[in-house]
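Readers should treat all values here as calculations from the given coordinates under stated rules, not as data from a laboratory. Just so we're clear, the structure is a prediction, and the values are computed from it rather than from any experiment. Note: ideal-geometry Cβ built from the backbone for every residue, glycine included; neighbour counts use all protein chains shown.
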Amino acid sequence: LGLSGNDDDEVFWCYEKALQIMNSFLTKSLSMNDAANHKHLQDMTCMIMSYYAVSFASSDMYDDAISMFDEALDNFSCSVENESFILHRRAEAQLVSGDFDKAGMDIERLYKFNRDFFLSMALS
């Protein structure tokens, strides 16, 4: 991420600014009716949110991390790679915070997700 070793507040500020910039681009792409670019911007926003969530987890703010992962998955169209990353990292945060049932569901979902993805790649 290039931000490790910095003050947490500085890191969070950087991610907040990145999300503000992405939101303005998302709004612009919607107003221009640019569906292809909007999907790409949504995926980029999903990626930024996932790294932001990781920075929360790195600061032992697991509930905030889980909420950020949830928001990314619920509100943005994420690529296969980003969704897989989020499921993996969210399960880690849930395990550390003691929410074993939700972590287990994410691990199971991640397993099925990756199995289906690799199966579709092999068949194409």
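Across the stretch 110-124, computed HN-Hα scalar couplings (Karplus, 6.51 cos²θ - 1.76 cosθ + 1.60, θ = phi - 60°) run 5, 4, 5, 4, 5, 4, 5, 5, 5, 5, 5, 5, 5, 7, 8 Hz from first to last residue, x flagging Gly and Pro. Put a plus charge on the Cβ of each Lys and Arg, a minus charge on the Cβ of each Asp and Glu, and nothing anywhere else: the dipole of the chain about its Cα centre is then about 600 debye. Its alpha carbons considered, the stretch 46-93 gives a radius of gyration followed by a Dmax of 9.3, 27 Å. The amide H of residue 59, built 1.01 Å from its N in the peptide plane, has no neighbour under 5 Å, considering only residues 5 or more places off or on other chains. Scoring 107-114, 55-62 by mean Cβ neighbours within 10 Å over their residues and listing the highest first yields 55-62, 107-114. Here the Karplus curve 6.51 cos²θ - 1.76 cosθ + 1.60, taken at θ = phi - 60°, turns the phi angles of the stretch 73-87 into couplings of 5, 7, 10, 9, 8, 9, 5, 4, 5, 5, 5, 5, 4, 5, 4 Hz, with x standing for Gly and Pro.
Taken over the chain, lysine pairs spaced eight or more positions apart, or on distinct chains, with alpha carbons under 25 Å apart number 5. In the stretch 35-120, the inverse of the mean reciprocal separation of distinct Cα atoms equals 13.0 Å; this is its Kirkwood hydrodynamic radius.
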